[in-house]
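Undergrad: Starting off with a structure, shown below.
The values are calculated or read from the model by the stated rules, or taken from the named source; none is laboratory data. Just so it is clear, the structure is predicted and the values come from calculations on it, not from any experiment. Counting neighbours? That spans all protein chains shown, and the Cβs are built from the backbone with ideal geometry, glycine included. Just so you know, the surface numbers come from the protein's heavy atoms only, side chains and all, with ligands and any DNA or RNA stripped out. Shrake-Rupley method; radii C 1.70, N 1.55, O 1.52, S 1.80 Å.
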Amino acid sequence: MVNINSTEKKLKERIKELTCLYEVSSYISNSSLNNLKPTLLAIASSLKKAIQYSNDAYVSISVEHMKVTAGNVQENTVYIISAIKGFNELIGSIKVGYLKKDYTSNSFLKEEELLLSKIALEIGGLFERKKILENEALSKRQVERADRLTILGEITAGIAHELNTPLANILGYSELLKEQFKDNPNITSDLNKIINSAVFSSEVVKKLMFFSCDMPQQMELSNITPIISNAISLLKPNFLKKSIQYHLSISKESILLRVDSIQLTQVIFNLVINAIYFSPEKGQIWIQVKDEKNKIVIKIKDQGSGIKKSDADAIFTPFYTTKPLGEGSGLGLSVVHGIVKSHKGTINHKANSPKGTIFTIHFPKP
């Protein structure tokens, strides 16, 4: 004889489970990918209602850095759990449990375990969709940035060429006038200001040409140890001006790398001059060069004010500077980034401890 009460009870449980699946599907299809926590909370609440002894059950969903619960999560519980995967990698879990003093592992229905697996699959799909859209947005931003930089490169190349000739004339005629009025200190002082401004402008033009890749590379297999040592030696007056101690550490006397030696010098100059600028009086700067298995690593560490989080993503952007007006062109780090990239290398930065910044460059070995 069929137990009508038992059949009716099972039917009610199946209806609860199907209702839950429908609700979960609805929550996921209408979710905001910018903020998935409300969706996870709604799923947890819906799942709790679908469990046989829902009043005593708790649900916990943990995905990536988010965790939501429905019901009172306590210690000494019995539970069933299902892994949440995204692109076949574990990204979280979904758990349903009861207090151990009131229930056992037999209190869970097989259908509830299947329900948990299905919901875990749905949540995993949701996070996969979120990741895909994020990657698409990132790719779009990278393409847009590349387009902007290409246009900017063409513009800056044109500007650099247009400025070269008048700057050379300003410097030339200023030097001639300085010779003619060498007995007049006031005029000489003013001419020195013109010359210094023209030299500064000339350096900006040079950086523009580096940035626009208008200066052809002379790539040769070179020993970079003397190149870096000489670059640091040329900066000794800059270190002395602020009483800064520098520590140069190079792991080998001969480190071979296919580079443009002038551009490598430019990289070292820009990074170290930046470190000096932001370092306090009597600070310390470390320049480390290591020959590792598959790469050459250059690190420049300072004890300066560090890079603010708000500036971290923009420091390699052309014309972006945190220096006061007139003290920086905003091209130094973008030139460094461009040179390193053209050498198939990478550059990144992080905070130094207790203060300051560490720039790290990786060049692949030839």
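Undergrad: What number goes with the only condition from (1) in contact with a strand residue (DSSP E or B) (Cβ under 9 Å, 6 or more places away or on another chain); (2) of a type outside the set (Val, Ile, Thr); (3) farther than 18 Å from Ile43 by Cβ; (4) assigned to a helix (DSSP H, G or I) that Glu134 does not pass?
TA: (1)
Undergrad: Of the conditions (1) open to solvent by 20 Å² or more (accessible area, probe 1.4 Å); (2) within 30 Å of Glu134 (Cα to Cα); (3) touching a residue at least 40 places away in the same chain (Cβ under 8 Å); (4) in a helix (DSSP H, G or I), Leu33 fails just one. Which one is it?
TA: If we test Leu33 against (1) open to solvent by 20 Å² or more (accessible area, probe 1.4 Å); (2) within 30 Å of Glu134 (Cα to Cα); (3) touching a residue at least 40 places away in the same chain (Cβ under 8 Å); (4) in a helix (DSSP H, G or I), just (4) comes out false.
Undergrad: Since Tyr79 meets every condition but one in (1) crowded, with 17+ Cβ neighbours inside 10 Å; (2) not in a strand (DSSP E or B), which condition does it not meet?
TA: (2)
Undergrad: Restricting region 204-231 to residues that are modelled with pLDDT under 75 and part of a helix (DSSP H, G or I), which is farthest from Tyr173 (Cα to Cα)?
TA: The residue in question is Phe211.
Rundown of residues vs (1) of a type outside the set (Val, Ile, Thr); (2) open to solvent by 60 Å² or more (accessible area, probe 1.4 Å); (3) modelled with pLDDT under 85, yes/no style:
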position	(1), (2), (3)
Ile119	no, no, no
Ala157	yes, no, yes
His161	yes, yes, yes
Leu191	yes, no, yes
Ser202	yes, no, yes
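Undergrad: Quick one: Thr265 ticks every box in (1) part of a helix (DSSP H, G or I); (2) at pLDDT 90 or above except a single one, so which number is it?
TA: Against the list (1) part of a helix (DSSP H, G or I); (2) at pLDDT 90 or above, Thr265 comes up short only on (2).
Undergrad: Do the conditions hold for Lys85, that is, is it touching a strand residue (DSSP E or B) at 6+ places or on another chain (Cβ under 9 Å), surrounded by fewer than 17 Cβ atoms within 10 Å (Cβ to Cβ), part of a strand (DSSP E or B) and modelled with pLDDT of 90 or more?
TA: no
Undergrad: Quickly run through region 104-115 and pick out the residues that are assigned to a helix (DSSP H, G or I), open to solvent by less than 80 Å² (accessible area, probe 1.4 Å) and free of Cβ contacts under 8 Å to residues at least 60 places away in the same chain.
TA: Hit for region 104-115 is Ser107, nothing else.
Undergrad: Taking Ile15 as meeting all but one of (1) aliphatic (A, V, I, L, M); (2) within 28 Å of Gly86 (Cα to Cα); (3) open to solvent by 50 Å² or more (accessible area, probe 1.4 Å), write down the number of the exception.
TA: (2)
Undergrad: Which numbered condition in (1) assigned to a loop (DSSP other than H, G, I, E, B); (2) within 24 Å of Ala137 (Cα to Cα); (3) open to solvent by 80 Å² or more (accessible area, probe 1.4 Å) is the only one that Lys101 fails?
TA: Going through the list (1) assigned to a loop (DSSP other than H, G, I, E, B); (2) within 24 Å of Ala137 (Cα to Cα); (3) open to solvent by 80 Å² or more (accessible area, probe 1.4 Å), Lys101 breaks only (2).
Undergrad: Inspect region 55-71 for any residue being surrounded by 14 or more Cβ atoms within 10 Å (Cβ to Cβ), of a type in the set (Val, Ile, Thr), more than 33 Å from the chain's Cα centre (by Cα) and part of a strand (DSSP E or B) and give the result as yes or no.
TA: yes
The rows are residues; the columns are (1) over 23 Å from the mean Cα position of the chain (by Cα); (2) open to solvent by less than 10 Å² (accessible area, probe 1.4 Å); (3) in contact (Cβ under 8 Å) with a residue 60 or more places away in the chain.
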position	(1), (2), (3)
Ser243	yes, no, no
Gln288	no, no, no
Ile296	no, yes, yes
Gly306	no, no, no
